[in-house]
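Computed from the coordinates by the stated procedures, all read-outs in this text should not be read as laboratory data. In this text the structure is predicted, and so the values were computed from the model without any measurement. Here the Cβ positions follow ideal geometry from the backbone for every residue, glycine too, while neighbour counts run over all protein chains shown.
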Amino acid sequence: MPRQTVAIQIFVASPGDVASERAILEVVITQLNQVWSRNLGITFELAKWETDVHPSFSSDPQAAINEQIGTTYDVFIGIFWGRLGTPTPRADSGTVEEFEQAYTRWKSTGLPEIMLYFKDAPIAPSKIDPQQLLQVQQFKKSLASKGGLYFDFEDEAGFESSLRAHLSVLAQKFAVQTSSNPPLISPPVETALMLISEDDFGYIDYLEIYESKLSEMSQAINAINEATARVGEHLSQRTEDLKNQVIDAKSVRRFVKRAADDMNAYADTLSIQISTVSDSRKIAFDALTNALALRSEFDNLDSNGNELLQLKQTLQDLIESSGIAKSSMRDMRESADALPRISKEINLAKRFMVEKLDSFLLEIDSTQSTVINIVDAIDRSLNDAKN
């Protein structure tokens, strides 16, 4: 027989340019509800206009949506990228109006929990609306005056990992509230989600996966740092050799070939290691956030939060090492840009190298953004434990 759980409702609000992130949110909630239902006695239910609003009439379309969604949800999640949305008679957009309603209720009641995410990724030139983009930035800046904390992410993997970590902390927070005051959120309901087969992995397994993949990421970043230092030395030596020789066609051609070979070999190394960092990042952070979701079963083993502090330290070490790599990558990119257009071999090699450097910098940005969000979730969990 399915176990009874307490239902907590999440309302997601966003303009239309983050459809993939809305889909990710739904998948993550479905997956993690298996853990929460079994271990915490709660389940999160997602409310969104696509499934929870039917055709109707009101003073305007947004008013019709407001009336049907209501104001009894427990968590508000807002997701933004390059658009703020269509204006309403009461706000700059429907999404902003939904946020303002949630914020007003939060000021007076302490609910809903409000989580805002901003996508920091390139937008195709044909899809950029400068006015909409400006409105998003203005809305983002306005949150400071409200005492709001928002989170940035660079790609879908980063959003998913950040979301898993934050929702896991919220689930445990609501579980504490419902255990001390069951009617606080809503009456118990039976959930079909419990019919989904349980994952074979447990808390320790996820931590081991995380540590293994984190080690792979660190090794790949170290390999990139070593390759960067090596190619820098080679290019400097090539330049010095050229200066000390009589400048003739053969000397220049020899320099060109060796320099191009150095840059192509470096770009090949980057390509391999970037793939390792990207694959390991997703697996590592998924495993870590799954472990955080399961951690409520083991609070008695870590009442002082020492394990969380250790996890936080590994993440901070990753930020530091990736920051060093990022700095050296930027220096290398500047050096590549400064290379003269001597020949097509140099030009092609430089283009290949710069392309891989840019890919790595994007990967590091996404890694650092996700790590910052997971560290925030760990801090929240530690603070909740203290309180």
Percent of Cα-Cα distances greater than 24 Å, calculated over region 203-372: 47
Given the peptides 95-101, 339-345, arrange them by the average over their residues of other C-beta atoms within 10 Å, most packed first. 95-101, 339-345
Long-range amide H partners of LEU46 with built H, under 5 Å: ILE10
Phi-derived 3J(HN,Hα) across region 373-384 with the Karplus relation (6.51, -1.76, 1.60, θ = phi - 60°), rounded Hz, x for Gly and Pro, is 5, 5, 4, 4, 5, 5, 4, 5, 5, 5, 5, 4
Hey, which lysines would be in cross-link range of LYS326, C-alpha to C-alpha under 17 Å, not counting anything within fewer than 8 residues on its own chain? LYS356
Relative packing of peptides 205-214, 364-373, 124-133 - highest average C-beta neighbours within 10 Å first: 364-373, 205-214, 124-133
Among ILE364, ALA377, PHE352, whose Cα sits farthest toward the positive end of the charge dipole of region 305-387 (+1 at Cβ of Lys/Arg, -1 at Cβ of Asp/Glu, about the Cα centre)? PHE352
Qualifying lysines (Cα of each under 17 Å from Cα of LYS127; at least 8 residues distant if same chain): LYS119
For region 330-340, just list the computed ³J(HN,Hα) in residue order, Karplus coefficients 6.51, -1.76 and 1.60, θ = phi - 60°, integers in Hz, with x standing in for Gly and Pro. 5, 4, 5, 5, 4, 5, 5, 4, 7, 5, x
